[in-house]
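Reviewing the structure listed below.
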Amino acid sequence: MKKKLLVIAMLALVCQLGYGQMSVSQLFSDFSKHAGTDKVNIGKMTLKLAGIFTDTMGVDGIEILSFGECGNEVKEQFTNAIRNLKDSSYETMINANEDGKRTKVMLLIKDDMIRELVVLTSGSDAAMVRIKGKIKKSDIEKLVNEHS
């Protein structure tokens, strides 16, 4: 009996550790399967067409996952996933917790270019946004200065 209890406790611990080591891609994949989530993908072709009318600043893909219709249990799981998310490929730029709402902004940088910008936010308007491309840091600075 003690061995069974010990095995169950070890499995629970391993599951928690594995959940904490989840990658950003796994997070998108796992949570997009929950009922009530809305997923929007804006692909390369759509952004190329948009580039005719506006500067897309090197963005070639956007993924959005909204939890608007999900139950509180899924939103709580997502809040815990944000808290425990550790992906060594990404730099965490912002990690905030205010009034029970958690926000995390992460960047994937390669060759001095931002390859992915990921925004994760929990609470009543929980959502995940991933912007992919080859974005210059100077373009982000310019955008921030224009809208500050």
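For segment 28-55 and segment 79-131, write down the distance between their C-alpha centroids in whole Å.
Here the answer is 17 Å between Cα centres.
What's the exposure ranking of Ser23, Ser88, going from fewest to most Cβ atoms within 10 Å?
Fewest-to-most Cβ neighbours within 10 Å comes out as Ser88, Ser23.
For an R0 of 22 angstrom, estimate the FRET efficiency from the Cβ-Cβ distance between Val144 and Ala35 and round to the nearest 0.05.
0.05
To the nearest 0.05, how large is the calculated FRET efficiency for Lys44 and Asp99 if R₀ is 41 Å and r is the Cβ-Cβ distance?
Working: r = 37 Å, r/R0 = 0.91.
For Lys44 and Asp99, the calculated efficiency is 0.65.
For labels at Val119 and Ser89 in the simple 7 Å Cα→Cβ model, what's the distance in nm?
Simple spin-label model gives 2.2 nm for this pair.
Fewest Cβ neighbours within 10 Å first, please rank Ile135, Ile140 accordingly.
On the way: Ile135 22, Ile140 14.
Ascending number of Cβ neighbours within 10 Å: Ile140, Ile135.
So what J values fall out for segment 131-148 if you push phi through Karplus, 6.51 cos²θ - 1.76 cosθ + 1.60 with θ = phi - 60°, rounded to Hz, Gly and Pro as x?
10, 10, x, 10, 9, 6, 4, 5, 5, 5, 4, 4, 5, 5, 5, 5, 10, 9
Going by amide H atoms built from the backbone, whose H comes under 5 Å of the H on Arg102, apart from near neighbours?
Ser122, Gly123
Rule-based calculations on the coordinates, nothing more; no lab input. All of these numbers come straight from a predicted model, not from anything done at the bench. FYI the Cβ positions are ideal-geometry reconstructions off the backbone, even for glycines, and counts take in every protein chain you see.
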